[in-house]
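What follows is a single structure, written as structure tokens, with notes after it.
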Amino acid sequence: MKKIAFTLNVNGEERVVIGRYADTLLYILREELGLTGAKPGCLNGDCGACTVMVDGKPMKSCLMLAVEGENQRIVTIEGLDNTPIQQAFVEHFAFQCGYCTPGFIMNIQAMLEAYPNANDEIIKEWLESNICRCTGYEEIEKAVKFVLKKPGP
């Protein structure tokens, strides 16, 4: 299949990549740009391990073609710089193996930007789009509520 050159704005930097029209954003991020924070999990959009932010909205990068990312701002876990939610995940032990953690953090970062005063219903809805197979979600929810300055479960 023919490869083309296109430009992506990733973590605030314009990056020219060479890829196929069929390449997913996840593939290009990992294989062409070396940004391995977004993880391949289910590869069908169910688990959320590959979540990145595209123009401030969470996007499962396994479902998005990389060429669709032109003229959009893409932020990966590598593009976050010690955000409060990252710190809260560490302080509240909101991870076990860590494989799903970047996807959760990206999703919750997008939620915090969209809903800085999120209530329990919004938190629950946003957490449902990611799956962790190692642990319950209690610590993750505590981390989110800590950042929102709300009492934990």
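Only the coordinates and a few stated rules stand behind these numbers; no lab work does. Since we're looking at a predicted model, the values are computed, not measured. Don't worry about glycine lacking a Cβ; one is built from the backbone with ideal geometry, like all the others, and counts go over all protein chains shown.
Extension gain for ASN82 to TYR115 (0.36 nm times residue separation, less C-alpha to C-alpha distance): 9.9 nm. Taking amide H positions as modeled 1.01 Å from N, with prolines and chain starts lacking one, the residues under 5 Å from ARG73 and 5 or more places away or on another chain are ASP55. Based on Cα contacts under 8 Å between residues 6+ apart, the chain shows a relative contact order of 23 percent. Ranked by how many other Cβ atoms sit within 10 Å of their own Cβ, fewest first, the residues ILE122, ILE85 fall in the order ILE122, ILE85. Each of LEU112, ILE77, CYS47 was placed along the dipole of the chain (beta-carbon charges, centred on the mean Cα), and the one lying farthest toward the positive end is CYS47.
Overall, region 1-137 carries a charge dipole of about 460 debye about its Cα centre when +1 sits on the Cβ of Lys and Arg and -1 on the Cβ of Asp and Glu, all other atoms neutral. Pairs of Cα atoms nearer than 8 Å and 6+ residues apart set the relative contact order; for region 3-79 it is 37 percent. In terms of surrounding Cβ atoms within a 10 Å radius of their Cβ, MET64, MET106 rank from fewest to most as MET64, MET106. Shape of region 78-135 from the C-alpha gyration tensor: oblate (a/c of 1.5 or more and a/b not above b/c, with a ≥ b ≥ c the square roots of its eigenvalues). Loop-resident GluC sites (Glu not before Pro) (DSSP state other than H, G, I, E or B) in region 75-130 with no more than 14 further Cβ atoms inside 10 Å of their Cβ: GLU128. Taking 37 °C and 0.692 mPa s as conditions, the chain diffuses translationally at an estimated 209 µm²/s according to Stokes-Einstein applied to its Kirkwood radius (Cα pairs). Near VAL17: Cβ cut-off under 15 Å, other residues only, Lys/Arg at +1 and Asp/Glu at -1. The net charge is -2. When THR24, THR7 are sorted by how many other C-beta atoms sit within 10 angstrom of their C-beta, beginning with the fewest, the order is THR7, THR24. With contacts taken as Cα pairs under 8 Å at a separation of at least 6 residues, region 84-147 carries a relative contact order of 56 percent. The Cβ shell under 15 Å around LEU8 holds other residues with a net charge of -4, Lys and Arg each +1, Asp and Glu each -1.
Note on region 3-79: Cα-Cα pairs beyond 17 Å make up 33% of the total pair count.
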